[in-house]
1. Using θ = phi - 60° and the Karplus form 6.51 cos²θ - 1.76 cosθ + 1.60, what ³J(HN,Hα) does each residue of region 123-131 get, whole Hz, x for Gly and Pro?
2. Report, please, the projected area of region 122-194 averaged over directions, based on the convex hull of its C-alpha atoms, in nm².
3. Each residue of region 161-173 in order: what ³J(HN,Hα) in whole Hz does its phi give by Karplus 6.51 cos²θ - 1.76 cosθ + 1.60, θ = phi - 60°, with x for Gly and Pro?
4. With a Förster radius of 25 Å, plug the Cβ-Cβ distance of Leu93 and Ile125 into 1/(1 + (r/R0)^6) and report the FRET value to the nearest 0.05.
5. Say R0 is 22 Å: what FRET efficiency, to the nearest 0.05, do Leu100 and Ser9 get from their beta-carbon distance?
6. Output ³J(HN,Hα) for region 82-97: one whole-Hz value per residue in order, computed from phi by the Karplus curve 6.51 cos²θ - 1.76 cosθ + 1.60 with θ = phi - 60°, and x for Gly and Pro.
7. Just to verify a number: FRET efficiency for Asn152 and Leu50, C-beta to C-beta distance, R0 = 41 Å, to 0.05?
Amino acid sequence: MKRILLAKSWQLFLAVFVIPLLILISGLFVPMYVLNGAYFFFVIPIAVVLSQMVIYFWMWSVGHQLFKQLNISSFFSNGTFRFFIAVPVAIILLVLIFWLWGATILGMGQFSMANVLTGLLVFVIPLEILFMVSQFYCFYFVAKVIKTAELNKVVSFDRFTAEFIWLILFPVGLWFVQPRVNKLAEKSQPTMKE
């Protein structure tokens with residue numbers, strides 16, 4: 001976790017945005033006779049999931065590790081954050097498992113896509129709403145931790161609105177937020193553990 005906190009902006013940008021984008025683009029520009037259909041069903045979703053996992057490991061590092069190391073716990077608790085950070089990760093893994101299972105079943109010709117999508121709609125809408133609420137809360141909490149650590153006092157939402165918006169625009173906002181996280185992590189480095 002310390003590596004993620006101390007990572008440079010370009011390293012996170014590479015892991016979150018550039019590598020998955022290159023994998024997606026490779027599927028568009030490589031001739032179809034070189035790639036088989038399994039590439040599109042397996043490699044591309046796994047690239048997107050790995051990108052999302054880097055984002056959530058980064059949020060966990062800031063929201064939990066930095067929270068703990070800078071002793072912000074005297075200002076507020078991170079119990080709700082720990083729950084809401086687990087929800088999107090679980091949903092992402094669940095969707096990946098369902099995607100891979102569905103692709104395998106469809107490849108064997110046992111289901112039609114209409115049956116899979118119809119059954120999925122019952123679960124997708126509530127999961128998507130829960131995913132969005134969880135993600136926004138994680139952005140909110142991480143922005144609050146960063147600003148509270150910088151000012152060393154409890155801050156209201158109007159004081160960390162800019163950080164919140166930068167986190168929502170994650171690949172771009174990362175360039176503005178990560179240097180500040182690096183400073184905070186370096187400040188707490190003597191007390192940080194691997």
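Nothing in this text is a laboratory measurement; each read-out follows from the coordinates by a stated rule. Because the structure is predicted, anything quoted here is derived from the model rather than measured. Positions of Cβ are generated from backbone atoms using ideal geometry, with glycine treated the same way; all protein chains shown enter the neighbour counts.
1. My calculation for region 123-131 gives 9, 5, 5, x, 5, 5, 5, 4, 4 Hz in order.
2. Numbers: hull surface 26.2 nm².
Here the figure is 6.5 nm², rounded to one decimal.
3. Values, residue by residue: 4, 4, 4, 4, 5, 4, 6, 5, 8, 3, x, 7, x Hz.
4. 0.85
5. Taking R0 as 22 Å, the efficiency between Leu100 and Ser9 is 0.10.
6. Listing the rounded values in order: 4, 5, 6, 7, 6, 4, x, 4, 5, 5, 4, 5, 5, 5, 4, 4 Hz.
7. E(calc), rounded to 0.05, equals 0.70.
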